[in-house]
Amino acid sequence: MPNITIYCFRNDLRLIDNPAFLKAASESDILLPLFCHPNNDLIYKSVKRVGIHRQTFLRQALNQLSASLKLMGSDLIEVQGNICDQIKKIADAIGATNIFFEKIIAPEELEQEALIRSLGIPVVTFWQSSMIDPSELPFEPQNMPDIFTEFRKQIELKNIEIKTLAQSPSKLPRLPNKKFESDININFTKEIKNQKSSFPYTENQFLGGEKTALAHLENYLLKKLPHSYKETRNKLSGIDFSTKFSPWLAIGCISAKYIAFKLKEFEDQFGANESSYWIWFELLWRDYFRFLHFKYGKSLYLKNGLNKNPTHINHNESKFEAWIHGRTGNQLIDAGMRELFLTGYLSNRMRQIVASYLIYDLECDWRKGAQWFESQLIDYDVYSNHGNWLYIAGNGTDPRGGRRFNTTKQNLEHDPTDIYKNYWKEQSINISPI
Ligand SMILES: Cc1cc2nc3c(=O)[nH]c(=O)nc-3n(C[C@H](O)[C@H](O)[C@H](O)COP(=O)(O)OP(=O)(O)OC[C@H]3O[C@@H](n4cnc5c(N)ncnc54)[C@H](O)[C@@H]3O)c2cc1C
């Protein structure tokens, strides 16, 4: 009996260093590469859960993936709707004997996995989104230290080296005989205004996709930017002040492991300094928020998170609406919120400042802020987004019990001549009704 596999791409839209896809390809006689778009519900007026920036970037990435698969004699089938129903329909039609996909341990994705498993077809999942493999950690992820500094120190002591990366498959099994037309109803055609974006994803060098991600990393290293990263990383806007890896990492056009591997090669050739180390350090934060899910799972999504003594929140919808529209009256906050809505990207520092303002100054529910970021951010990543919001709100693992940013001080420090603020003040937001 032939091995007939459905490979369901999730946030791993790449061929290089994708061990799950490599294994599926090597063990199957027939392979159907699939991507399932969710039903994209509205979250506020005309704004959808996967907002227009992320949707466009994803479209670009799927186009690149599909082109790479076609070059190898295969293809990408796209469907839309409930992932379990879609997989069942296809599995029945082709007589699938296996289903492979990347493991994602956030609550919604785990529920999807349970439903897919209930179909009764063998399911193989792979954890492959962290820089460090959980098996290499000096502790079980379920027993990891809560405090980041302790987590980092223990990992540094172990001196973990990334020795190998999974190659791209050299050939792919054939597609099933049954033909599937991509069956999706998503509008990608909305004109994106060319704003002064720090991640201009409509330009060739910033398109979604594996090819562009690899070229971006190569270019970043060629320019020797790792040597100055730490001094520039807190800037508010521009292209080169930070790595800009996040949008590609979020949907897996490139793996964190691959970036760390190339970074180490760079350090071996051109020397390591505090700045090049700091990129690894930030990628470790990304891992930290992932591994916290092994330990705390769903609790991270509760209103009070892990906090046993929460402060009372009096969520006010009109304050929240002022925040998303960039109309709070605080010019720095309004600038950030306009930049986010108009471009889909925001520097790390501005993310911290606007999140802190929503939580501490407007006293709103952090989960509403996280939901807005999910829709707007081009680099939305469930672990990093919820992790950072929870951390700032003091409902996570921050030993200082949360981070409140003083906007006047931040303005003086990071935008002393008001260039950032004045630019975005002029850009208005119009969130149209449905
Ligand atoms: C409220 C809030 C929400 C956030 N939501 C997301 C999100 O949905 N997706 C996302 O990728 N990042 C998120 N971040 C983290 C961080 O802001 C972005 O990763 C970073 O700004 C992306 O730009 P960059 O790639 O140029 O980052 P760089 O500064 O160049 O950092 C290099 C890489 O390290 C990782 N990294 C850096 N800072 C963090 C951090 N604080 N937490 C986790 N990983 C980090 C990212 O993968 C990033 O690409 C959030 C931060 C805050 C404060």
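Numerical summary
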read-out: Selection count where residues are modelled with pLDDT of 95 or more, in a loop (DSSP other than H, G, I, E, B) and touching a Pro at 6+ places or on another chain (Cβ under 6 Å), scope the stretch 23-55; value: 2
read-out: Condition check for THR397: within 13 Å of the ligand (Cβ to nearest atom) and over 16 Å from the mean Cα position of the chain (by Cα); value: yes
read-out: Residue satisfying all of: in the stretch 348-383; among the aromatic types (Phe, Trp, Tyr) and part of a helix (DSSP H, G or I); surrounded by the fewest Cβ atoms within 10 Å (Cβ to Cβ) among these; value: TYR360
read-out: Condition check for ARG327: in contact with a helix residue (DSSP H, G or I) (Cβ under 7 Å, 6 or more places away or on another chain) and either surrounded by fewer than 17 Cβ atoms within 10 Å (Cβ to Cβ) or free of Cβ contacts under 8 Å to residues at least 40 places away in the same chain (or both); value: yes
read-out: The listed residue being buried (at least 20 other Cβ atoms within 10 Å of the Cβ) and of a type outside the set (Phe, Trp, Tyr), out of LEU71, LEU76; value: LEU76
read-out: Where a residue in the stretch 351-378 is of a type in the set (Asp, Glu) and its partner, wherever it lies, is within 9 Å of the ligand (Cβ to nearest atom), with Cβ under 8 Å and at least six apart; value: GLU374/TYR380; GLU374/VAL382; GLU374/ASN385
read-out: Pick from the stretch 391-403, criterion in a helix (DSSP H, G or I) and in contact (Cβ under 8 Å) with a residue 24 or more places away in the chain, ranking: surrounded by the most Cβ atoms within 10 Å (Cβ to Cβ); value: ALA393
read-out: Residue satisfying all of: in the stretch 404-434; of a type in the set (D, E, K, R) and modelled with pLDDT under 95; surrounded by the most Cβ atoms within 10 Å (Cβ to Cβ) among these; value: LYS425
read-out: Residues (surrounded by 19 or more Cβ atoms within 10 Å (Cβ to Cβ) and either more than 8 Å from the ligand (Cβ to nearest atom) or closer than 25 Å to GLU102 by Cα (or both)) located in the stretch 229-240; value: LEU236, SER237
read-out: So ASN98, is it modelled with pLDDT of 95 or more, out of contact with any Leu (no Cβ under 9 Å at 6 or more places or on another chain) and surrounded by 20 or more Cβ atoms within 10 Å (Cβ to Cβ); value: no
read-out: Answer from ARG338, ARG349 - the residue that is more than 17 Å from PHE405 (Cβ to Cβ) and modelled with pLDDT of 95 or more; value: ARG338
read-out: Search result, residues across the stretch 107-161 that are closer than 19 Å to ASP287 by Cβ, among the aliphatic types (A, V, I, L, M) and either at pLDDT below 95 or not in a helix (DSSP H, G or I) (or both); value: MET131, ILE132, LEU137, MET144, ILE147, ILE160
read-out: Filter pass, LYS257 being of a type in the set (D, E, K, R), within 16 Å of the ligand (Cβ to nearest atom) and either over 27 Å from ASP365 (Cα atoms) or at pLDDT 95 or above (or both); value: yes
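Residues checked against (1) of a type in the set (S, T, N, Q); (2) within 24 Å of PHE261 (Cβ to Cβ):
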{"position": "LEU110", "(1), (2)": "no, no"}
{"position": "ILE116", "(1), (2)": "no, no"}
{"position": "GLU150", "(1), (2)": "no, no"}
{"position": "LYS163", "(1), (2)": "no, yes"}
{"position": "ILE184", "(1), (2)": "no, no"}
{"position": "SER197", "(1), (2)": "yes, no"}
{"position": "PRO200", "(1), (2)": "no, no"}
{"position": "GLY208", "(1), (2)": "no, yes"}
{"position": "LYS211", "(1), (2)": "no, yes"}
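The values are calculated or read from the model by the stated rules, or taken from the named source; none is laboratory data. On a predicted model such as this, the values are computed, not experimentally measured, just so you know. Neighbour counts run over all protein chains shown; Cβ positions are idealised from the backbone, glycine included.
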